[in-house]
């Protein structure tokens, strides 16, 4: 019992020395960290996180409008990008769904733009020798849609392929069977985000709009049992955003809106918006070195929220000049992440919490202020006992994340 008591003493000593980086809720400024490069300058990829250490990118555009058929794997630990598959046809944009949790299979619906009435449904199994198959066909995939996993292996796709973009399609992710089961109250004039909160019976859709000038302020509630939707709310504090990307945090039930262009203010979004999906409250966090300079703004990037890491990763995209009408933009090969740790304690109670990316550190929350503290060497933070302890006595959550 001597070791745990010693460890508790060390925690109190570290806190009393004030060895901390402190940020306060409401005045938090985040920053972007470079995290590698893509094989090409590209945009319009579809990204998905495998719940461990890897992010997969499907399709995309490079050299302007050249469609891609590659599947890339990005390692968060090494920042290496490797090609792990080739689609049966070139695709861009679209969405990736997860069939399963522990070892998920990925369902990719990509845009072709060739005018065909149907597009293939690709299934990719990264845990089974990167096996790739086409499991069916679905109505033409467009960029103005949202999709989400429902129960079991069921998923819903909202929007497309024709005006007013109100289709609700139910899909079996195991076999690709799908059918249109209803219509949304408001169509998907642009790409949106659908969220199925843990424990909830309804799906929330952010981004439904009648026209492409009404973005991200309309929120719908979809009822899977009845295939109907209701108008839930208008988010008053969120400006009209163009060509943003989004990432959903299941752990905390918040949606992150990354980058884009604020049409109301006529300026780039140099930061990220957080939407609480329970209350629809909006918080804006400026990002000190967000990749927008002057009139330039980032569009058509793909992003994921890394569960348990408290990071948003985003890949490539287009840098557009707002002073040039209909600027096609310049494609980027950058990979970035935003560390959300400084904002961790916003809205949380007082207590000690594990650091999402470093087991030698821990977070102290008080009055929505985040203090990032360091366990003295050679100790690690135990997320169960909430103390600094020796490595052989600590359950470090990150140890399970670096396998795949």
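In this label model, residue 384 and residue 35 are separated by 2.9 nm, measuring between points 7 Å along each Cα→Cβ vector.
Arrange 387, 324 by Cβ neighbour counts within 10 Å, fewest through most, would you?
On the way: 387 25, 324 10.
Result, fewest neighbours first: 324, 387.
Which part of region 33-60 falls in the paramagnetic zone of residue 75, meaning amide N under 18 Å from the point 7 Å along Cα-to-beta-carbon? Once the point is set 7 Å along Cα→Cβ of residue 75, 35-39, 49-57 turn out to lie under 18 Å by backbone N, inside region 33-60.
Highest mean first, what order results for 370-379, 253-262 on Cβ atoms within 10 Å? List each step's numbers first, then the result.
Values: 370-379: 17.3, 253-262: 22.3.
Final packing ranking: 253-262, 370-379.
Would you list 311, 386 from fewest to most Cβ contacts within 10 Å? Walk me through the numbers on the way to the answer.
Values: 311 20, 386 14.
Ordered by Cβ neighbours within 10 Å, fewest first: 386, 311.
Where a ≥ b ≥ c are the square roots of the eigenvalues of the C-alpha gyration tensor, would you call region 32-339 rounded, which needs a/c under 1.5, or, failing that, prolate if a/b is larger than b/c, or oblate? Show your work: numbers first, answer last.
Working: a/c = 1.31, a/b = 1.05, b/c = 1.24.
Judged from the Cα gyration tensor, region 32-339 comes out rounded (a/c under 1.5).
With the convex hull drawn over the C-alpha atoms of region 303-404, the volume per residue is 150 Å³.
Taking 0.36 nm per residue of separation and subtracting the Cα-Cα distance, full extension of the segment from residue 116 to residue 393 would add 93.8 nm.
Ordering 242, 321, 119 from the fewest to the most neighbouring beta carbons within 10 Å gives 321, 242, 119.
Across region 105-246, the relative contact order, built from alpha-carbon pairs under 8 Å that are at least six residues apart, equals 14 percent.
Rounded to the nearest 500, the 222 nm mean residue ellipticity of the chain from helices alone is -1000 deg cm²/dmol, with -39,500 (n - 2.57) taken per DSSP H run of at least 4 residues.
Where a number appears in this text, it was derived from the coordinates with a stated rule and is not lab data. Remember, it's a predicted structure, so these values are computed and weren't measured experimentally. Cβ: placed from backbone, ideal geometry, glycine included. Neighbour counts: every protein chain shown.
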